[in-house]
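First comes the structure, then the notes that go with it.
The values are calculated or read from the model by the stated rules, or taken from the named source; none is laboratory data. For clarity, every value in this text was computed on a predicted model and none was experimentally measured. So basically every Cβ, Gly included, is an ideal-geometry build from the backbone, and we count neighbours across all protein chains shown. The accessibility values were calculated without ligands, DNA or RNA, using every heavy atom of the protein model including side chains. Shrake-Rupley method; radii C 1.70, N 1.55, O 1.52, S 1.80 Å.
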Amino acid sequence: MISRRKLILMLTITVVYFFSDTLFKAGYFKQITNTKLESNEIIRGIYGPEDMEWDNENNVIYVSSSDRRSTYKGIWKSSDGVYQLNPLSGEFHKMHTNWDKEFHPHGISYFQESGQKYLYTVNHFKTENSIELFCIRADSLIHIKSYAHALLHSPNDVVGVGVDQFYATNDHGNTSRLGVQVENYLRMPYSYLVYYDGTKYIKALEGLVYANGVQISNDDSSLFVSHTIGREIIVLDRNRITGELFEVERINMLAGVDNINVDHENNLWVAAHPQLLKFSSHANDSSNHSPSQVYKLTPSQNGYQVKKTFESDGALISGSSVALFAQGKLYIGGVFDDKIVSFTP
């Protein structure tokens, strides 16, 4: 039998190892070097531009906006919504909608079907969460349908694969605030990806620790999921008829990856949080900067080639959650900042 002293020693070593490993994987010891930019532009006035989507036909960027620090205090701002941003002029305006319910968008997904444009949005109410489907008409969002389900109790991002068909990440398995914190810090794999095929909801990918961004390839044949605390991008082949997914590879990113965008050359642009504990501090206090990173993943015969294209200690932009490449420029938004940073990479 193991003596009490040996048992205590083994438990102590296990706890110390887990704690040290948690700090390491959270980026606590990571050094941050600011990327030297020849020039950059700052577009101010859109609060919490957490996600962005590109409409290349109309040359407009759709921006998800929510003043999240106010919501933490129980204050829901009327400025929350989806914005249209002109990348050439830097001008933006909030899109009108015929939907009269609370609208506080998180992840968004733009797609076309039969010549019509649509936008899915993750929406957070005061007491529940949902996914909303809108038809885009000029600068207006015409509401079509609301989606709510037990498997979508904590939706983070969504990608539409058709009208009434989508994938969505559920970033936690727990529903209570304490349960969510325990799940995060103990790295419990309770998060998952949901698929709705028009009639039923299923778990399409399980065993994740904070599933975050989800995106689809230009030909609809591949799906990409950001595994934030797992620090990786999961690449999956997709059956376009059944929606079934088959894992292809996991790309080690060494950072807390967030939203994903795909450009016209099939490159992935991924925003990331290199120091997750500082991001938690930044969420509670705007004076605490959270470092930001952006990665470009280029497809090749040997998988994706990863290149870091931007890094900031948080002074220029904190808590980067989305990177979008359009019109030769890179646009970076964050979860809490009231600005979007753009530059030529």
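Table for the structure above
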{"quantity": "Selected residue [buried (at least 23 other Cβ atoms within 10 Å of the Cβ), outside any strand (DSSP E or B) and in contact (Cβ under 8 Å) with a residue 40 or more places away in the chain] from Ile233, Ile229", "calculated": "Ile229"}
{"quantity": "Residue list for the stretch 35-94, filter: open to solvent by 80 Å² or more (accessible area, probe 1.4 Å) and closer than 22 Å to Leu268 by Cβ", "calculated": "Asn56, Glu57"}
{"quantity": "Failed condition for Glu113, given (1) more than 27 Å from Leu223 (Cα to Cα); (2) exposed (fewer than 15 other Cβ atoms within 10 Å of the Cβ)", "calculated": "(1)"}
{"quantity": "Any hit, the stretch 167-175, residues being outside any strand (DSSP E or B), open to solvent by less than 10 Å² (accessible area, probe 1.4 Å), hydrophobic (A, V, I, L, M, F, W, C) and in contact (Cβ under 8 Å) with a residue 40 or more places away in the chain", "calculated": "no"}
{"quantity": "Tally, over the stretch 78-96, of residues that are closer than 22 Å to Ser320 by Cβ and touching a Phe, Trp or Tyr at 6+ places or on another chain (Cβ under 8 Å)", "calculated": "10"}
{"quantity": "Failed condition for Leu330, given (1) in contact with a helix residue (DSSP H, G or I) (Cβ under 8 Å, 6 or more places away or on another chain); (2) under 15 Å from Asp263 (Cβ atoms)", "calculated": "(1)"}
{"quantity": "Within the stretch 140-151, considering residues that are in a strand (DSSP E or B) and of a type outside the set (Gly, Ala, Ser), the one surrounded by the most Cβ atoms within 10 Å (Cβ to Cβ)", "calculated": "Leu141"}
{"quantity": "Top-ranked residue in the stretch 95-110 [being modelled with pLDDT under 95 and of a type in the set (Phe, Trp, Tyr); ranked as surrounded by the fewest Cβ atoms within 10 Å (Cβ to Cβ)]", "calculated": "Trp99"}
{"quantity": "Condition broken by Arg250, with the remaining ones in (1) farther than 15 Å from Gly213 by Cα; (2) in contact with a strand residue (DSSP E or B) (Cβ under 6 Å, 6 or more places away or on another chain); (3) basic (Lys, Arg) satisfied", "calculated": "(1)"}
{"quantity": "Identity of the residue in the stretch 180-204, aliphatic (A, V, I, L, M) and open to solvent by 20 Å² or more (accessible area, probe 1.4 Å), that ends up nearest to Glu265 (Cα to Cα)", "calculated": "Ala204"}
{"quantity": "Wholly enclosed strands (runs of 3 or more DSSP E) of the stretch 59-139 bearing at least 1 residues touching a strand residue (DSSP E or B) at 6+ places or on another chain (Cβ under 9 Å) and of a type in the set (Gly, Ala, Ser)", "calculated": "60-65, 81-85, 105-113, 129-137"}
{"quantity": "Subset of the stretch 203-226 (residues that are over 15 Å from Ser109 (Cβ atoms), in a loop (DSSP other than H, G, I, E, B) and among the charged types (D, E, K, R))", "calculated": "Asp219"}
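Yes/no per residue for (1) under 24 Å from Asp80 (Cβ atoms); (2) β-branched (Val, Ile, Thr); (3) surrounded by fewer than 23 Cβ atoms within 10 Å (Cβ to Cβ); (4) modelled with pLDDT of 95 or more:
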{"site": "Leu254", "(1), (2), (3), (4)": "no, no, yes, no"}
{"site": "Asp258", "(1), (2), (3), (4)": "yes, no, no, yes"}
{"site": "Ala272", "(1), (2), (3), (4)": "no, no, no, yes"}
{"site": "Asn302", "(1), (2), (3), (4)": "no, no, yes, no"}
{"site": "Lys308", "(1), (2), (3), (4)": "no, no, yes, yes"}
{"site": "Ser320", "(1), (2), (3), (4)": "yes, no, no, yes"}
{"site": "Ala323", "(1), (2), (3), (4)": "yes, no, no, yes"}
{"site": "Lys329", "(1), (2), (3), (4)": "no, no, yes, yes"}
{"site": "Asp337", "(1), (2), (3), (4)": "yes, no, no, no"}
